[in-house]
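Working notes for the structure below.
Every number in this text was worked out from the coordinates using simple rules, so none of it is lab data. Since the model is a prediction, treat every value here as computed from it, not as a measurement. Here the Cβ positions follow ideal geometry from the backbone for every residue, glycine too, while neighbour counts run over all protein chains shown.
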Amino acid sequence: MTAPTGAKRGKITRWLRFRLTLSYVLFFAVLLAGIGIFFRGLLSSIQRNEIGAVLEQEWGGVRGYMAIKAKAGGTYATVWNYDRDDAVETLAVQRLRSILLVADSAGQVMEASEIYLSLGVESPEKIRDALNLSEPALEVRTASDGTPYMLLSGPMRDGKRLFYISVGRSMAQQQAVLNRFTLYYFALLPFILAACSLLGWFVSKRALNPVRELAAMTGDISGSNLSLRIPSRGAGDELDHLIETFNGMVGRLEKSFNQSRQFSTDVSHELRTPLTVIRGHLEVALMTAKTEEHYRDAIATALQDVERLTQTIRALLNLSQAESGQMTLQKDAIDLSAAARSAAEQFLPLAEANEVALHYETRGDCAISADRVQVERLLWNLLSNAVKYTERGGRIRVMTQRSDGMVELAVDDTGIGIPADALPRIFERFYRVPHRADENLDHGVGLGLSFVAWIVRAHNGTIDVESEPGKGSSFRVRLPGIRTAREPDIRKEEHGVSNRRA
Ligand code: ADP
């Protein structure tokens, strides 16, 4: 596996930057277009209101200056009353009459301006319908040249008679303002968006800088320097959380790398010596053996060595599997007292043969939730050490009891003991206490107590050892107890399973 190179990392962050900027620009485009449409609508409605107000005034003007006179034949005509010498009044009336329609209640047109005619005169039905309205209504109509006009049309009462009046105003100026606003705004939009994208590009660069630095630092971490950690930025943000998680992952990787490295070192170290011995035996036999019996002896010795080697490898594989988490525990409720008793009984013949007294004592309910096979392995390792390192005439005591919710197992012996400087190391893999030459002990491979320590850890327990050279050793294992249906047993059970000579 190779870490991404600087160029590749740059490409990754650039792509991220591009996407961030794009979403930023898209967001602004939609927002600004929305704002533009909103303000255009607002402006248009303000303009309409203004024209509407002017038309209301003009409606009043028509009322003031115009009168309806009955003509012969039952028809009507409009009459405009104003001072014709007054230029202002004349202009006002002209203006009123520039976009105007007056019709009687039958829909008959009495007066219609030229512009109004170009807008199209309402049909008599429409006029009759409009006469039923209580208030005049506003309407926008477009002339044939495309100019929009706003009209205020409705009924106007003159004495007992009802007439239809419609006054109008051109909206050309307002429309031009609106068009100009739309043009300028939307023409400016691409420039605003370009400025936004430039800003977005730089802002995202700043925002992604820590990510780029993080990527560069992670690239520096490789299999050979897994001890490196990325320093936290102290901001307490998502990136710090990422750094923390990443460091945790590197920590776990480092542990597992170290374990496999340790495994290879241990294996090569531990296999070299016995292999050299086997080779020596066979070479000597090849050079010096004369009879078939000599050859047989040499092969038998070599086979014994090979057997020991096989056991060592098996034990080491088991331990490595366990420590790397590949061994799953099958936890059941088991009685540690019963397990200890059964283990002690199995060791009795060996203890007897070594002339060592072996006792066991159980106090209270010693139920634990544990993997039976591993608990048996733990007992087997502690007891085999006790028997192995206790000399003739010595005593071994196995005791189980419950205290403060924990179940305690003690394996005490009166054996050769362990020197104080070796005590902290006895749980290390392949560690064997360098005993005195005259003790002539058959050491194991030095893996038993490493396994015991792992089993205790895997069951959330603790192990302590006290020892004094020449006086004996005492191993204490404490595991979390569980309550069983059975009432706590406060009876003290003691069994001597010692051999008769001890
Ligand atoms: P081994 O297979 O050598 O017994 P262990 O891991 O079981 O390996 O034990 C490590 C070392 O601790 C042993 O080599 C031995 O020197 C010492 N040791 C363990 N148990 C006892 C004991 N009960 N009395 C004296 N020494 C012990």
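List residues of segment 363-383, by number, whose backbone nitrogen lies under 14 Å from a label position 7 Å along Cα→C-beta of residue 318.
The answer is 372-383.
Once fully extended, how much extra length lies between residue 253 and residue 237, figured as 0.36 nm per residue of separation less the alpha-carbon to alpha-carbon distance?
Contour length minus the Cα-Cα distance gives 3.3 nm.
Could you give P(r) for segment 107-193, binned at 10 Å from zero, as whole percent values over all Cα-Cα pairs?
All Cα pairs considered, the percentages come to 15, 37, 23, 14, 8, 3, 0.
Within 10 Å of each residue's Cβ, count the other Cβ atoms and sort 14, 157 from fewest upward.
Values: 14 14, 157 9.
Ascending number of Cβ neighbours within 10 Å: 157, 14.
Report the calculated FRET efficiency for residue 191 and residue 89 (r = Cβ-Cβ distance, R0 = 41 Å), to the nearest 0.05.
Numbers: r = 51 Å, r/R0 = 1.25.
The calculated FRET efficiency here is 0.20.
Which FRET efficiency, nearest 0.05, do residue 275 and residue 384 yield, Cβ-Cβ r, R0 22 Å?
On the way: r = 25 Å, r/R0 = 1.16.
Calculated transfer efficiency: 0.30.
Which three extents, in whole angstrom, do the alpha-carbon atoms of segment 202-353 cover along their principal axes, largest first?
Sorted largest first, the three principal extents are 90, 52, 19 Å.
Based on the Cβ-Cβ distance of residue 134 and residue 27, what FRET efficiency does E = 1/(1 + (r/R0)^6) give at R0 = 35 Å, to the nearest 0.05?
On the way: r = 49 Å, r/R0 = 1.40.
Calculated transfer efficiency: 0.10.
If each of residue 482 and residue 118 carries a label point 7 Å out from its Cα toward its Cβ, how far apart are those two points in nm?
With each label placed 7 Å out from Cα toward Cβ, I get 10.0 nm.
Reported to two decimal places, what Rg/Rh ratio describes the chain when computed on Cα atoms with Rh from the Kirkwood expression? Could the numbers behind the result be given before it?
Values: Rg = 52.8 Å, Rh = 34.4 Å.
Taking Rh as the inverse mean 1/r over Cα pairs, Rg/Rh reads 1.53.
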